[in-house]
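Only one structure is covered here, and it is reproduced in the block below.
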Amino acid sequence: MDKYIFNNLLKTADLSKKEFGEILGTTGATISNWGNEDREIPYWVESWLTLYIENMQCKKLKEAIKNSGVCDTLSKS
């Protein structure tokens, strides 16, 4: 994965490099160095961010369904 894709995934995940670093237990500066000359982006980052994004989307969908009352209506049928 190149730095462009990495930055786009972070943006889609609505995470800054600092926030991502905090989740991982490292610093934003370390994350910022990924993708530079001799610092490859770890192989697992793309799949991790993709799953994080999917999880956030599922949580939003679950909350929207819960708040819509659809489940309440179906359970009364």
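Being in contact with an Asp or Glu (Cβ under 7 Å, 6 or more places away or on another chain) and hydrophobic (A, V, I, L, M, F, W, C) is the requirement here; does MET1 meet it?
So MET1 passes the test.
Out of the range 22-77, which residues are without any contact (Cβ under 8 Å) to a residue 24 or more places away in the chain, part of a helix (DSSP H, G or I), of a type in the set (S, T, N, Q) and under 20 Å from TYR4 (Cα atoms)?
THR30, SER32, ASN33, SER47
How about the range 1-21: which of its residues are of a type in the set (A, V, I, L, M) and either over 27 Å from CYS58 (Cα atoms) or in a loop (DSSP other than H, G, I, E, B) (or both)?
Within the range 1-21, MET1, ALA13, LEU15 meet the criteria.
Quick test for you: out of GLY25, GLY21, GLY69, pick the one residue that is exposed (fewer than 10 other Cβ atoms within 10 Å of the Cβ) and at pLDDT 95 or above.
After ruling out the rest, the residue left standing is GLY25.
Considering the range 39-53 alone, what residues qualify as being under 13 Å from ILE23 (Cβ atoms) and not hydrophobic (A, V, I, L, M, F, W, C)?
TYR52
The values are calculated or read from the model by the stated rules, or taken from the named source; none is laboratory data. Please read these numbers as outputs of a predicted model, since none were measured by experiment. Don't worry about glycine lacking a Cβ; one is built from the backbone with ideal geometry, like all the others, and counts go over all protein chains shown.
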